[in-house]
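The values are calculated or read from the model by the stated rules, or taken from the named source; none is laboratory data. Just so it is clear, the structure is predicted and the values come from calculations on it, not from any experiment. Note that we place each Cβ from the backbone using ideal geometry, even for glycine, and neighbour counts take in every protein chain shown.
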Amino acid sequence: MTDSREARLRLLRSANIGPITYRQLIARFGTAEMALEALPMLAARGGGRAPVIADLAWIRREVAAVEKLGARYLFLDDPGYPALLAELESAPPALILRGRLDLLDRTCVAMVGARNASAAACRFARQLAIGLGEAGATIVSGLARGIDTAAHVGSLQAGTVGVIASGIDIVFPPENGELQERVAREGLLIAEQPPGTEPLARFFPSRNRIIAGLALGTVVVEAAPRSGSLITARIAAEAGREVMAVPGSPLDPRAQGCNLLIREGATLVQSVDDILEMLRPIDARAVRSPVHPFGGPPPLDASDADRRRVTELLGPVPVAVDELVRQSCLAPALVQTVLLELELAGRLERHAGGRTSLIG
């Protein structure tokens, strides 16, 4: 691995730096090395101490562990980074992969659902996955119990992608150890977290955004109203992707989430043909050319008055960045600069849907 890539990992693994902040820092300073040098200054402007920068020796141990596992890194601006995923503002700056990256060159369909799914729903999900695979699609799911497992089992032969919330060497749930290894060996296994990372609850929404981001459409087969599957569907909708749901009995709580999605405008699907009918027009328009994730106008330097104006508009209740721009009457680039400084200072929290709130 080159020194430049080690610097990117140091930046990404440093405190208070998430995907959006990473992207903005590279856009502003051009390289990870220059961004690392600027962190103390930016955090001071935000009213806090400089974030703890990841130790180079620790990064090199991580790289060695990835290589020992037979995995590799794929960075946001590398050739081959999935173009659809790169469209997300919160696209992972680095992925850790085992398996066939070429599976993402095909039409990708995400399939998610309840962990405690009914036998009938699992059977239907498996049949959908088989049929979509025969039609040339790649199934993307999260290697969880229930619907995810059924989707992977049904699509192993044609090609499946598993996205996990842990390090690429951690199996969860334990009973899916053999399946996860088969996905890595015959399909593609993707992790965002470093090796050794346990699947903590806070990592699952991040995993869900990768599943939704990789796919042209997301199919939900059984889901409770407040489930991770509905989070995946919401992310897909916000990204302009197709959301589809399999209807279920109103007497089954596991079907309430799908029925709710359909009531809110998701496409009702009952067969493989229903899914293909929705995705073929989108696939014809899909962008397959390389993206430029750090392009756009250069960020602007904020004055003390700009910082006060934006900070006064923030509070403990999450607010959309667009609303901050409107109420502050500042250029969007200036607002983003202030938010970047506050986040590096540990004073800002980012939420789903492009919202932010002040900490403390």
Note to self: I'd like to verify a number: residues in the stretch 321-343 that are under 26 Å from PHE203 (Cβ atoms) and out of contact with any Gly (no Cβ under 6 Å at 6 or more places or on another chain), how many?
What the structure shows: 4
Margin query: Against the condition crowded, with 20+ Cβ neighbours inside 10 Å, at pLDDT below 95 and farther than 20 Å from PRO93 by Cα, how does GLY217 come out, does it pass?
Written below: no
Check: Across the stretch 165-179, what is the number of residues that are buried (at least 21 other Cβ atoms within 10 Å of the Cβ) and touching a Gly at 6+ places or on another chain (Cβ under 7 Å)?
Finding: 1
Notebook entry, point to check: ASN16 versus (1) in a helix (DSSP H, G or I); (2) at pLDDT below 95: which is the lone unmet condition?
Noted result: (1)
Margin query: Just to be sure before I move on: is LEU88 assigned to a loop (DSSP other than H, G, I, E, B) and either in contact with a helix residue (DSSP H, G or I) (Cβ under 8 Å, 6 or more places away or on another chain) or among the charged types (D, E, K, R) (or both) in the structure I sent?
Written below: yes
Notebook entry, point to check: Of all residues in the stretch 323-360 being of a type in the set (Lys, Arg) and in contact (Cβ under 8 Å) with a residue 40 or more places away in the chain, which is nearest to ARG209 (Cα to Cα)?
Noted result: ARG350
Next item on the list: Output the residues belonging to the stretch 42-57 that are touching a residue at least 60 places away in the same chain (Cβ under 8 Å), part of a loop (DSSP other than H, G, I, E, B) and either of a type in the set (D, E, K, R) or over 17 Å from ILE359 (Cβ atoms) (or both).
Entry: ARG49
Check: Is at least one residue of the stretch 190-212 more than 19 Å from the chain's Cα centre (by Cα), at pLDDT 95 or above, among the charged types (D, E, K, R) and surrounded by fewer than 24 Cβ atoms within 10 Å (Cβ to Cβ)?
Finding: no
Next item on the list: Would you tally the residues in the stretch 119-156 being touching an Asp or Glu at 6+ places or on another chain (Cβ under 7 Å) and assigned to a helix (DSSP H, G or I)?
Entry: 2
Next item on the list: May I ask you to say which residue of VAL338, VAL319 is out of contact with any His (no Cβ under 7 Å at 6 or more places or on another chain), within 27 Å of GLY240 (Cβ to Cβ) and not assigned by TED's automatic domain parsing to the domain that holds PRO205?
Entry: VAL319
Next item on the list: Residue by residue through the stretch 151-176, note down the ones that are touching a residue at least 40 places away in the same chain (Cβ under 8 Å) and among the hydrophobic types (A, V, I, L, M, F, W, C).
Entry: ALA151, VAL161, VAL163, ILE164, ALA165, ILE168
Margin query: Take the conditions surrounded by fewer than 23 Cβ atoms within 10 Å (Cβ to Cβ) and of a type in the set (Gly, Ala, Ser) and apply them to GLY162. Does it pass?
Written below: no
